[in-house]
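K.L.:
Got a structure here, written out as structure tokens. Questions coming.
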Ligand code: ITT
């Protein structure tokens, strides 16, 4: 089976490819214009984008919207993470967090896909905390300042395989894979 991922972010493609590869599902990056609405949660952003693609007849095309939600900043930057990363950057977020004791945060991912004309949404969350100084050079975005709960390395210090084992994106794409495989005819229990 093959699905398409409408994104301009090669890191997302690599992570999705790795996770879905475990289920023998291929992922191809697709260059299509995405409708990106403003909403407080990533599920709504992904769902609306996928619905528009569905209306255009784009079958098995997935979109993913993700963001970093920092508790001490009331969930900021959340769905505005891409814009905040480009404008304030990691340094700006660390400045906002200066002297802040509560460092808890979570990454959220929502993957929405058009299958046979309807949209399904799958979500994944990675709990963790924001450290004081960036560490590591892997990954992308806010990876150098995020340490997932129960670990000591930042996402940027992990390999793609390590990160995707428990990342928000890994969880969301794994849920998608389970659903896709469960509904494919060859996995259905025999009749009678
Ligand atoms: P597309 O919209 O083209 O898919 P994008 O990078 O713009 O790619 P988003 O709109 O979903 O993706 O923005 C997500 C932002 O949230 C991203 O730019 C990062 O700053 C941050 N982010 C999301 N997932 C992340 C992760 O796994 N590691 C680090 N930062 C992440």
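K.L.:
Just wondering, is there one or more residues in region 57-69 that are free of Cβ contacts under 8 Å to residues at least 12 places away in the same chain and either under 15 Å from the mean Cα position of the chain (by Cα) or part of a helix (DSSP H, G or I) (or both)?
P.N.:
Taking every residue of region 57-69 in turn, none turns out to be free of Cβ contacts under 8 Å to residues at least 12 places away in the same chain and either under 15 Å from the mean Cα position of the chain (by Cα) or part of a helix (DSSP H, G or I) (or both).
K.L.:
Can you tell which of 178, 162, 186 is part of a helix (DSSP H, G or I) and at pLDDT below 95? Spell out how you get there, then give the answer.
P.N.:
Numbers: 178 fails: at pLDDT below 95; 162 fails: at pLDDT below 95.
Of 178, 162, 186, the one residue that is part of a helix (DSSP H, G or I) and at pLDDT below 95 is 186.
K.L.:
Is it the case that residue 52 is over 17 Å from the mean Cα position of the chain (by Cα), under 30 Å from residue 101 (Cα atoms) and at pLDDT 95 or above?
P.N.:
Working: over 17 Å from the mean Cα position of the chain (by Cα): yes; under 30 Å from residue 101 (Cα atoms): no; at pLDDT 95 or above: yes.
No, not satisfied.
K.L.:
Now a separate question. Do we have any residue at all in region 91-110 that's over 20 Å from residue 71 (Cα atoms) and under 19 Å from the mean Cα position of the chain (by Cα)?
P.N.:
Narrowing region 91-110 to residues over 20 Å from residue 71 (Cα atoms): none.
No, region 91-110 contains no residue that is over 20 Å from residue 71 (Cα atoms) and under 19 Å from the mean Cα position of the chain (by Cα).
Conditions (1) within 12 Å of the ligand (Cβ to nearest atom); (2) out of contact with any helix residue (DSSP H, G or I) (no Cβ under 7 Å at 6 or more places or on another chain), marked per residue:
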position	(1), (2)
57	no, yes
68	yes, no
72	no, yes
87	yes, yes
91	no, yes
94	no, no
111	yes, no
120	no, no
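K.L.:
I'd like the residue in region 5-46 that is exposed (fewer than 13 other Cβ atoms within 10 Å of the Cβ), in a loop (DSSP other than H, G, I, E, B) and at pLDDT 95 or above and, out of all such residues, is farthest from the ligand (Cβ to nearest atom).
P.N.:
If we take residues in region 5-46 being exposed (fewer than 13 other Cβ atoms within 10 Å of the Cβ), in a loop (DSSP other than H, G, I, E, B) and at pLDDT 95 or above, then 24 is farthest from the ligand (Cβ to nearest atom).
K.L.:
Filtering region 149-170 down to residues that are surrounded by 22 or more Cβ atoms within 10 Å (Cβ to Cβ) and more than 17 Å from residue 10 (Cβ to Cβ), which residue is farthest from the ligand (Cβ to nearest atom)? Explain how you work it out, then say what you get.
P.N.:
Taking region 149-170 as the starting set, the residues that turn out to be surrounded by 22 or more Cβ atoms within 10 Å (Cβ to Cβ) are 154-155, 163-164, 167-170.
Keeping just the survivors that are more than 17 Å from residue 10 (Cβ to Cβ) gives 154, 168.
On the way: 154: 10, 168: 7 Å.
Checked region 149-170; the qualifying residue farthest from the ligand (Cβ to nearest atom) is 154.
K.L.:
Turning to a different aspect of this structure: Collect the residues in region 102-134 that are more than 28 Å from residue 48 (Cβ to Cβ) and loosely packed, with under 15 Cβ neighbours inside 10 Å, keeping them in residue-number order. Show your work before the answer.
P.N.:
Filtering region 102-134 down to residues more than 28 Å from residue 48 (Cβ to Cβ) leaves 102-104, 129-134.
Passing the criteria: 102, 104, 132, 133.
The values are calculated or read from the model by the stated rules, or taken from the named source; none is laboratory data. Keep in mind that what you see is a predicted model, and the values were worked out from it rather than measured. Methodologically, a virtual Cβ is constructed for each residue, glycine included, from the backbone with ideal geometry; neighbour enumeration extends over all protein chains shown.
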